[in-house]
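Step one of this worksheet: look at the structure below.
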Amino acid sequence: MTAEYRHVPVMLAEVLSELDPQPGEVTCDCTLGGAGHTVELARRVAPDGLSIGIDQDDMALAAATERLEREVPEAETLLLKGNFGDLDELLVEAEVPGVDCFLFDLGVSSPQLDIPERGFSYHEDAPLDMRMNSGNHTLTAAEVVNTYNEADLTRILRVYGDERHAARIARRIVERRAKAPIETTLQLVDVIKAAIPAAARRSGGHPARRAFQALRIEVNHELDVLDRGLRAAVRWANPGGRICVISYHSLEDRIVKHVFSELSQGCTCPPDLPVCVCGHVPIVDVRTRKPLVASDEEVAANPRSRSALMRVAVRIDAPAEGKGLS
Ligand SMILES: C[S@@+](CC[C@H](N)C(=O)[O-])C[C@H]1O[C@@H](n2cnc3c(N)ncnc32)[C@H](O)[C@@H]1O
């Protein structure tokens, strides 16, 4: 681990047990971060296997490159910059016919949260950015806060942040920005604190936590890319290939559950139809009816693991072309 990139991999033992990487296999970590999981995946598939790592964050890619070279020099690795929402294009670039183990460890890494300039932290003042891929000229949190209308702000705060005081916060944001744009994290924290009732300010963690989470999800289109990335992973998985997803909030987990459940469905035609017209063929076997969670020991040692929800599916032998895929 480099001094700048300190992130403890969550549910590592469970990831290795569920993915069960074998020598010579191809693994793809779609959220490489500091390679906390990939370093162990690479160790197990080396020297003949390939470990692909994808991240949209330059800092993560630099830290992971350095760590993999240092800790598993015998492993063949391929690190790609990009968004797992574009997994099809990235795997075409990787020139692999299929993948045996996919991992998605969603959200932000500890360093992304800890470096104030990234604008994810509500503890330190910094420009309101929150882009995981900060090199891109894409939407920033400041643009969301200063340009979205009150109804859209309310919806985002309520749906992505589960924020009870969404309407009050949205109203206060619109009033405040009419005087001057809200440009920094602490300016936004002040607006949020002023918007919510005093009692709520004193309970339930930092008053800006939910709103910051909501903005991060909006800025990085986190839910859309998850649906796309998961479906692509299922398409690219070899027969018997394992797909493991660790989510950190219920909206993400709901998407994982929905995609796995949809792709595990067989024919849904009424029983009295003589032939199948729906075309549904199960293409994954869901291994986790309920999500797995971190052990008490891990939660005590790494509080970030408290909210982790892990789901696993296994690709069934390829069905006839195109069936069941969307
Ligand atoms: C929780 S961290 C992963 C940590 C990693 N498993 C480890 O133990 O070191 C999530 C990482 O995924 C990246 N990420 C999140 N969403 C992404 C996306 N849609 N496409 C590519 N990378 C993404 C973030 O930049 C971050 O580095």
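Being within 16 Å of the ligand (Cβ to nearest atom) and modelled with pLDDT under 95 holds for only one residue in D272, D224, D253, and it is D224. If I filter the stretch 232-245 for residues that are small (G, A, S), within 16 Å of the ligand (Cβ to nearest atom) and touching a Gly at 6+ places or on another chain (Cβ under 7 Å), do I get at least one hit? The answer is no; no qualifying residue exists. Residue check: E218 meets all listed conditions (1) more than 16 Å from the ligand (Cβ to nearest atom); (2) in contact with a helix residue (DSSP H, G or I) (Cβ under 7 Å, 6 or more places away or on another chain) but one, namely (1). Among the criteria (1) closer than 20 Å to Q112 by Cα; (2) within 16 Å of the ligand (Cβ to nearest atom), the one E183 does not fulfil is (2).
Residue pairs whose Cβ atoms lie under 6 Å apart, sitting 6 or more positions apart in sequence or on different chains, and linking a residue in the stretch 284-302 that is modelled with pLDDT of 95 or more to a partner that is small (G, A, S) and surrounded by 17 or more Cβ atoms within 10 Å (Cβ to Cβ), are V284/S264; V284/A313; V286/S264; V286/A313; A294/S305; A294/A308; E298/S305; V299/S305.
If we scan the stretch 63-85, do we find a residue that is within 16 Å of W236 (Cβ to Cβ), in contact with a Cys (Cβ under 7 Å, 6 or more places away or on another chain), within 15 Å of the ligand (Cβ to nearest atom) and modelled with pLDDT of 95 or more? Within the stretch 63-85, one or more residues are within 16 Å of W236 (Cβ to Cβ), in contact with a Cys (Cβ under 7 Å, 6 or more places away or on another chain), within 15 Å of the ligand (Cβ to nearest atom) and modelled with pLDDT of 95 or more. Selection of the stretch 140-177 for residues being outside any helix (DSSP H, G or I) and crowded, with 16+ Cβ neighbours inside 10 Å yields T140, Y148, E163, H165. Restricting the stretch 119-131 to residues that are within 15 Å of the ligand (Cβ to nearest atom) and crowded, with 22+ Cβ neighbours inside 10 Å leaves a set whose member that is farthest from L16 (Cα to Cα) is G119.
Given the residues R155, R172, which is the only one that is without any contact (Cβ under 8 Å) to a residue 24 or more places away in the chain and within 19 Å of I255 (Cβ to Cβ)? None of the other options fit; the residue is R155. Taken together, V108, V96 contain a single residue that is buried (at least 17 other Cβ atoms within 10 Å of the Cβ), β-branched (V, I, T) and in contact (Cβ under 8 Å) with a residue 12 or more places away in the chain, which is V108. Of D29, D57, D20, all but one fail to be buried (at least 19 other Cβ atoms within 10 Å of the Cβ), within 20 Å of A308 (Cα to Cα) and either assigned by TED's automatic domain parsing to the domain that holds C244 or touching a helix residue (DSSP H, G or I) at 6+ places or on another chain (Cβ under 7 Å) (or both); the exception is D29.
Taking the stretch 181-288 and the helices (runs of 4 or more DSSP H) fully enclosed by it, the elements with 2 or more residues that are outside the structural domain of L309 (by TED's automatic domain parsing) and loosely packed, with under 14 Cβ neighbours inside 10 Å are at 198-202.
Within the stretch 2-17, if we keep just the residues that are within 20 Å of D114 (Cβ to Cβ) and within 9 Å of the ligand (Cβ to nearest atom), the residue that is surrounded by the fewest Cβ atoms within 10 Å (Cβ to Cβ) turns out to be V8.
The values are calculated or read from the model by the stated rules, or taken from the named source; none is laboratory data. Just so it is clear, the structure is predicted and the values come from calculations on it, not from any experiment. Please note: Cβ atoms are built from the backbone with ideal geometry, for glycine as well, and neighbour counts cover all protein chains shown.
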